Every structure is written in structure tokens, then in C-alpha cells.
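The values are calculated or read from the model by the stated rules, or taken from the named source; none is laboratory data. Bear in mind the structure is a predicted one, so any value in this text is a computation, not a measurement. Note that we place each Cβ from the backbone using ideal geometry, even for glycine, and neighbour counts take in every protein chain shown.
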There are 2 protein chains.
Amino acid sequence: MDETAPQKGTVTQRAIERIKAMITEGVLEPGQRLPTERDLAAQLGISRSSMREAIRALTVLGVLEARHGSGIYVTRLEAGDLLETFGVVADLSRGPRLVELLQVRRVLESTATALAAARITPEQLAEVGNHLAAMNATDDPEEILAHDLAFHREIAAAAGNGTMAAILEGLSSRTFRARVWRGYQEEGAFARTRREHAAIHRALVARDPEAARAAAAAHVGEVEEWLRARLTG
Amino acid sequence: MDETAPQKGTVTQRAIERIKAMITEGVLEPGQRLPTERDLAAQLGISRSSMREAIRALTVLGVLEARHGSGIYVTRLEAGDLLETFGVVADLSRGPRLVELLQVRRVLESTATALAAARITPEQLAEVGNHLAAMNATDDPEEILAHDLAFHREIAAAAGNGTMAAILEGLSSRTFRARVWRGYQEEGAFARTRREHAAIHRALVARDPEAARAAAAAHVGEVEEWLRARLTG
DNA sequence: GCATCGAAGTGGTCGGACCACCGCAGTGGT
DNA sequence: ACCACTGCGGTGGTCCGACCACTTCGATGC
């Protein structure tokens, strides 16, 4: 047994685990600056190349942030930072998994909308109304999509659960939604979606969680069913 | 305008996007082997070092898989592959976000259990029963935790939504659960959890989705409330 | 026909060099 | 005394070339 050489997996993988451990153990706090790549590599006894790969990996995971010329920092480690990669899943998913993703979104979105109905502030409610109005005032698909996203984002934020909001954000990532909704909207579903959005807004105004949950579930469910039918057909 | 030099972001970041695009465009199929690191670097006109960082990043995201001596391959791109990183979020979360994560889990777990009640096969149901019995037959916390995880994993799998199961898997990652449950179980909550697990199993046997949903929600909710109280206290 | 071995090819690691950028102390002016 | 500018040191970003560890598969020998 050589104490100095545990030797499990690649050195890069070990470096990733070490840095993660430093964070969980509190050695590295959110927002804190790390030692330089060169120092870190020396500390773990590996080359700078390998250490850079480890840092890059943690960067794409939203754990670290590298600022050119300044240094490497731990992110705030908030839900939004860490769940940014969730969008990758949505973007790389095709076929039946798109339905599964929408099913997950239906469950979470309906819950978030119900929570929002009970907690939303007048300011947030007004913002939701603005996006609803803007959505109905234009025919530009791009603009509609943007306000649609903002509409649901504002509601998710009002639910008071940042983690849930971050997951929903990933499930509604721009490329994902654009792919699915292109076909959906082309079939003249504008009127239906407008009606559904109005129903959600009405439930929020009435502060009726049950109605809000039902309206949101129906809204996502419509798209879900359409997609399911298109795949099996 | 120089067509050959778009120059946005780091070359590594661009390489990551290029490879992701190749997959979404169908140039690279799941399971397929990629060109060698050296060839890929040459194709994109970057150094092997930068290309390696890009590959490493996509590897930790569960998109690519590098086999030493053999080559680089696209994973099957199934939910489990891509959502493995979800466990990182759970492991790095502390304080209030642990409650948020449990809240998300409560929503998804209750839905998954309800779905399972309607679809579970006799074989799967028997397996769930085995884990329940094994969980009650030992006093070793490690073993209890293992069977507890398997119990819920089996139910999530029976729900028929692989994406939902993968997310729940991340929300129940070993280190995460161990951290939260250590304190919970130490307060003599064994009896309560056994009762709750039995209730879930009973609802599955009765094929009663509503009862299953309620039992699962109550089960996760108990831990959620305990954690919330411990944080505010 | 089959087990063995070895060479070619692949990812993994290393060290060094240079570039692009940021931050700040020092400088010069007003 | 204050401020804008400048220069330098330190940092991450990129590249190169070499070598190691491992897999693969065909050639070799039995």
C-alpha cells in the first residue's frame, strides 16, 4: 500500500473530486477566488494541462467561473448556476424523451403555478399581465415566443422555489421550445394557447391555486398530447 | 468580415458547441465513434489541448465517453447518461436549497408513485416488496439506506418515465441522502419511515394511484418538514 | 485451428513556451 | 491634492511536442 498514490481513475477526475470536496467541506466558499492554475496543479501534484481540464469541466457544470487575466472563482452556487446544464438535456433529446420532458414540465409547472397563485405579489402579477398583453399584441412568432417564455418564467419565480424555477428554465430552453413549438403553432394553435394563457392569468388574479394548477397542467398537457400524437402517428 | 474567424468566446467553448451541433444535426449518432482527438483538433483548426478540454467537458456532461486506447464515443444519450450531473447539484447544495430540492422531489416522487400504482408489473411489485422486507429486517443504517434507495428507484422505474426516474435518482444521490437522513434517522424516525414505506407499498398493491400519491407526498414531506424546522430553529 | 505475442493506434499525462487580458502601482499632468 | 494615463506583473488561454498506458487486431508459432 502506497499512501501517496491512491490511483483511482484519471488524475483529472481525481482533481475534479478534490475541488468538489474542497467546496463541500467549506474550504472554498461561494464567490471565493481559487489559487492559480499553476499553484493548484502543484498542490495536487499534477500537470497544469490536467488541472485545466478539471477546471474546464467544473466550469461547464456551473461550479467554477474563470475570468481571463483575473483568476478562477467559485460561483454563487445558486440553483440557476448549477442547473444551467439542464438545458443541454433538453437540447439533445429527441423522440419519446421529448414527451417525457414535457410530462416532467407539466408536473412541475402546474405545481409552480399553484404556488404562485398563493404567493405572487402585485408587482409580479402586473409583470405577468404585461407579457400576456404583449404576447397577444403581435404576430411575430419570435416575439410571441419570447414573451411566452417570460410569462412562465415570471410565474415560476413567483412560486418562491428557485430550484424549481431553474429546472423549469432548463425545460423551456430556447432551442428546445423553438423546436417543439414550431410545428405546434403552425397548426393554428395560437388561439388555443392565448385562451390557456388567459386562464392561467385569471387564476393568478383570483389567487386560486387549484384553478391555477389545472390551467397550467392543461396548458402543458395540450402540447404534450400533440407531440405524443405526432410521434406515434 | 473574415469568414474564417468568427471569434466568439474561447476556442474550447466553440469546440464544445460544434460537437454538440454535430450531434443535434445528426452527424454524430448515439454510440458512434468520433474521430481521434488529433483529427478533431485538426478539423476545427485548434490545438489538441483545447480539443481535449472540450471533450472532457462533454464527458462530464454525459454526452461523450472516452475509452482509453480505443477512442471517443457518443453515449446512448439516454436520460440516465445526461442527468448524472444532476447529483452534483444535490451534493453542493446546503441550507435553504436542500428544502427546495426536497420540495421538487416531493412533487416528482408523488407523481411517479401514482403512475407506478397504475402500471407496475407483478415482477416489479415483488421486487419493491423485497426491498421493503430487507429494509425492515436489519438494523445496519448503511443497509437500510441502500434498500431505501432501491425501493424508491424501483418505483420510479415502474412509473414508465425514464427522465423522471433519472431526475429522482439525482435528487436521491447517495451523498445527498446520507447527509440529510443521518440526522433524521438519529431522532428515532425509523418506525415512522417504516410505516410510511408500508403505506406506499400497500397503495401499490391495491393499485390505487391516489393513495400512492398521498403516501409518497407524506413520506417525502415528513423529511422536508423536519429539515425546514432544523434550519429555522 | 487456436493461443500467444507484438506493433500500431488511441487516449492520458507532462512540461514548456508564448499570447491576451486584467489589475494596480507608479507617473505625469492639471 | 486630484485625476487620467501608462507600464508592468500576474493570470488564464492557447499551442506544441514528447512520452506513457492501454486497447486492438493481425501476425506468429504451436
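Structure notes:
- Matching residues, the stretch A:36-66, being farther than 15 Å from A:Ala21 by Cβ, away from DNA strand C (no atom under 11 Å from the Cβ), in a helix (DSSP H, G or I) and polar (S, T, N, Q): A:Thr59
- Within the stretch A:76-90, one or more residues are at the interface with another protein chain (Cβ under 9 Å from one of its Cβ atoms), in contact with a Lys or Arg (Cβ under 7 Å, 6 or more places away or on another chain) and closer than 30 Å to A:Ala218 by Cβ.
- Candidates B:Glu100, B:Glu109, B:Glu123: the one that is at the interface with chain A (Cβ under 8 Å from one of its Cβ atoms) and part of a helix (DSSP H, G or I) is B:Glu100.
- Of the residues screened, B:Gln43 is not one that is within 13 Å of DNA strand D (Cβ to nearest atom), of a type in the set (S, T, N, Q) and closer than 15 Å to A:Val88 by Cα.
- Only helices (runs of 4 or more DSSP H) whose full extent lies in the stretch B:142-233 are considered here, and the ones with at least 2 residues that are closer than 30 Å to A:Gly95 by Cα are B:162-171, B:209-232.
- Among the residues of the stretch A:20-34, at least one is within 9 Å of DNA strand D (Cβ to nearest atom), over 20 Å from B:Gly95 (Cα atoms), more than 11 Å from every other protein chain (Cβ to nearest Cβ) and surrounded by 14 or more Cβ atoms within 10 Å (Cβ to Cβ).
- Put simply, of B:Ser93, B:Ser49 the only residue that is at the interface with chain A (Cβ under 10 Å from one of its Cβ atoms) and surrounded by fewer than 21 Cβ atoms within 10 Å (Cβ to Cβ) is B:Ser49.
- A count restricted to the stretch A:52-69 and to residues that are near DNA strand D (Cβ under 7 Å from one of its atoms), in contact (Cβ under 8 Å) with a residue 12 or more places away in the chain and more than 7 Å from every other protein chain (Cβ to nearest Cβ) stands at 1.
- Residue match in the stretch B:12-30 (condition: polar (S, T, N, Q) and within 11 Å of DNA strand C (Cβ to nearest atom)): no
- Residues that are over 25 Å from the mean Cα position of the chain (by Cα) and surrounded by 15 or more Cβ atoms within 10 Å (Cβ to Cβ), drawn from the stretch B:193-210: B:Asp208
- Restricting A:Arg207, A:Arg213 to those that are in contact with a Ser or Thr (Cβ under 8 Å, 6 or more places away or on another chain) and either assigned by TED's automatic domain parsing to the domain that holds A:Ser110 or in contact (Cβ under 8 Å) with a residue 12 or more places away in the chain (or both) reduces the list to A:Arg213.
- Some residue of the stretch A:180-197 being under 15 Å from A:Ala117 (Cβ atoms) and at pLDDT 90 or above: yes
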